[in-house]
Amino acid sequence: MAKDAPPRWDRRMQQRLARGEAAALGELYDRFAALVHSQAHRMLDDEDAADQVTREVFGYIWENPGAYDPKHGSMRSWVARLTHRRSVRRLRGAHGEDEGPRTDARARELEHRVLKATTAARADYIVASMPAPLRAALELAYVQRRDYRQTAADLGVTADEARRRLRLGLQLLSTANTRPSADSAPPGYGPTP
């Protein structure tokens, strides 16, 4: 199998959705609803809006199963991108509904929120796509609060190897805070409605 080939699960899921299998949508929802909801909530800071975005994303997937192309990346990255775009659209719509002209301060606030949300989405994508050994080391050190010696012991590697994995993982994550150009979008992050 080619290195860039999507996981078999992604291809099968796309085929099942294209056939209109309701069970496939349920499985997809079980797998990604928490991701969609948490990403939307982080971007919108509103539980009801996050619920609405979650419904919209899965509604879009059900109505447009052919919109996902496994050749362009993973199902997870595509679902995350749909969530990001729906959330940004909702953010812009909420700020555009106010009466009167948009002030510079409101425009800057919106830009800041969109940039913050975009950075968070990029960080999620980076963590999801980094090699499993780096991701495991970061999770142990930063989620489970283990020091590098405990991380090394849990992973069954030397302390030097644990430090190397942590350093590489953090270097990858540091790129999430850079503004991407239009050409640098990850695979599967092309235009969506």
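Any read-out appearing in this document is the output of simple, stated calculations on the displayed coordinates, not a laboratory observation. Remember, predicted model here, so these are calculated numbers, not experimental data. Neighbour counts are summed over all protein chains in view; Cβ atoms, including those assigned to glycine, are modelled from backbone coordinates with ideal geometry.
Cut-off 20 Å, label point 7 angstrom out along Cα-to-Cβ of Arg12: give me the residues of region 19-49 whose amide nitrogen falls inside.
19-33
If you take the beta carbon distance between Arg19 and Lys71 as r and set R0 to 22 Å, what does 1/(1 + (r/R0)^6) give as a FRET efficiency, to the nearest 0.05?
E(calc), rounded to 0.05, equals 0.70.
I want to check the label-to-label distance for Thr158 and Ala132. Put each point 7 Å from Cα in the C-beta direction and report it in nm to one decimal.
2.4 nm
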